[in-house]
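Participant: Just passing along the structure, written as structure tokens.
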Amino acid sequence: MSSSVTVSIATNTAIALSKGFGWFVTGSPTLFAETVHSLADVGNQVLLKVGEVRGRRGPDREHPFGRGQEKFFWALVSAVSVFFIGCGINIYHGIHAFLDPTETSAFTPLVLGLLLFALALESWTFRIAWKEIGGRRGLTEN
């Protein structure tokens, strides 16, 4: 099974919690949108993990060839749900910001710290995924 998906669930959960904390402290609508975005990332990764786990099941009476293709179904469900949920939330956020504009503030040390924290975790996750696919060689091989 893919360790990068498992690590992504953990790191995106930590990022969502940290951004949620930042939103709670500052009340920033941008941090709220980022929190929702990170939660959508967690949901995406969970659906991919469901596909991985279910796709590993062997043949049975109902599925004589196994369930290997199920991982592609769950990847599609994940992509479509992230697209529509993300689109809906962004449209809502845009309309809300347009109808009720608020004054924005400069980046605070808290916000910069949250961004650096997210960058560090995402970089770690990317490094694991990069190793998992075999690096540059894994990208060019068929």
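The values are calculated or read from the model by the stated rules, or taken from the named source; none is laboratory data. Bear in mind the structure is a predicted one, so any value in this text is a computation, not a measurement. All Cβ positions, even for glycine, are placed from backbone atoms using ideal geometry, and neighbour counts span all protein chains on display. SASA here: full protein model, heavy atoms, side chains in, ligands and nucleic acids out. Shrake-Rupley method; radii C 1.70, N 1.55, O 1.52, S 1.80 Å.
Participant: Enumerate by residue number the GluC sites (Glu not before Pro) in the stretch 79-142 meeting two conditions: DSSP loop (anything except H, G, I, E, B), and at most 15 other Cβ atoms within 10 Å of the site's Cβ.
Facilitator: Glu103, Glu141
Participant: Whole-Hz ³J(HN,Hα) for each residue in the stretch 54-66, computed from phi via Karplus 6.51 cos²θ - 1.76 cosθ + 1.60 with θ = phi - 60°, x for glycine and proline: what do you get?
Facilitator: So the Karplus estimates, Gly and Pro as x, are 5, x, 7, 5, x, x, 9, 4, 7, 10, x, 9, x Hz.
Participant: Probe 1.4 Å, all protein chains in place: accessible area of Asp100 in Å², nearest 10?
Facilitator: Roll a 1.4 Å probe over it and Asp100 shows about 80 Å².
Participant: At 1.4 Å probe size, with no ligands or nucleic acids counted, give the accessible surface of His93 in Å², nearest ten.
Facilitator: Roll a 1.4 Å probe over it and His93 shows about 50 Å².
Participant: A further question follows. Could you give the length gained on full extension between Phe73 and Leu115, defined as 0.36 nm per residue of separation minus the Cα-Cα distance, in nm?
Facilitator: 11.8 nm
Participant: Determine the gain in length on full extension of the stretch Val80-Asp60; use 0.36 nm per residue of separation and subtract their C-alpha separation, reporting nm with one decimal.
Facilitator: Length gained, Val80 through Asp60: 4.3 nm.
Participant: Hey, can you find the accessible area per residue of the stretch 14-136 for me, probe 1.4 Å, expressed in square angstrom?
Facilitator: Roughly 72 Å² per residue, with all protein chains present.
Participant: Leaving ligands, DNA and RNA out of it, rank Lys131, Lys71 by accessible area with a 1.4 Å probe, largest first.
Facilitator: Result of the area sort, largest leading: Lys131, Lys71.
Participant: Under the rule of -39500 (n - 2.57) per DSSP H run of 4 or more residues, summed and divided by the residues of the chain, what mean residue ellipticity at 222 nm is obtained, to the nearest 500 deg cm²/dmol?
Facilitator: Here the helix-only value at 222 nm equals -27500 deg cm²/dmol.
Participant: Also: Could you pull the accessible area for Thr102 with a 1.4 Å probe, rounded to 10 Å²?
Facilitator: That residue has around 90 Å² of solvent-accessible surface.
Participant: Right, another one. Assign unit charges at the C-beta atoms only (+1 for Lys and Arg, -1 for Asp and Glu), then state the dipole size of the stretch 1-109 relative to its Cα centre in Debye, rounded to the nearest 20.
Facilitator: 540
Participant: Where does each of Arg136, Arg61 land when they are ordered by accessible area, with a 1.4 Å probe and the largest first?
Facilitator: Arg61, Arg136
Participant: Moving on. Consider the candidate values (1) 15.8, 52; (2) 17.7, 61; (3) 18.7, 62; state which one is Rg and Dmax of the Cα atoms in Å computed from the structure displayed.
Facilitator: Structure-derived value, by its label: (3).
Participant: Report, to the nearest 10°, how far helix 70-99 tilts away from the longest principal axis of the Cα atoms in the chain, using its own Cα long axis and a range of 0 to 90°.
Facilitator: Value to nearest ten degrees: 10.
Participant: Return the aspartates and glutamates within reach of Lys49: Cα separation strictly under 17 angstrom, same-chain partners fewer than 8 residues apart disregarded; answer none if there are no such residues.
Facilitator: Asp41, Glu70, Glu132
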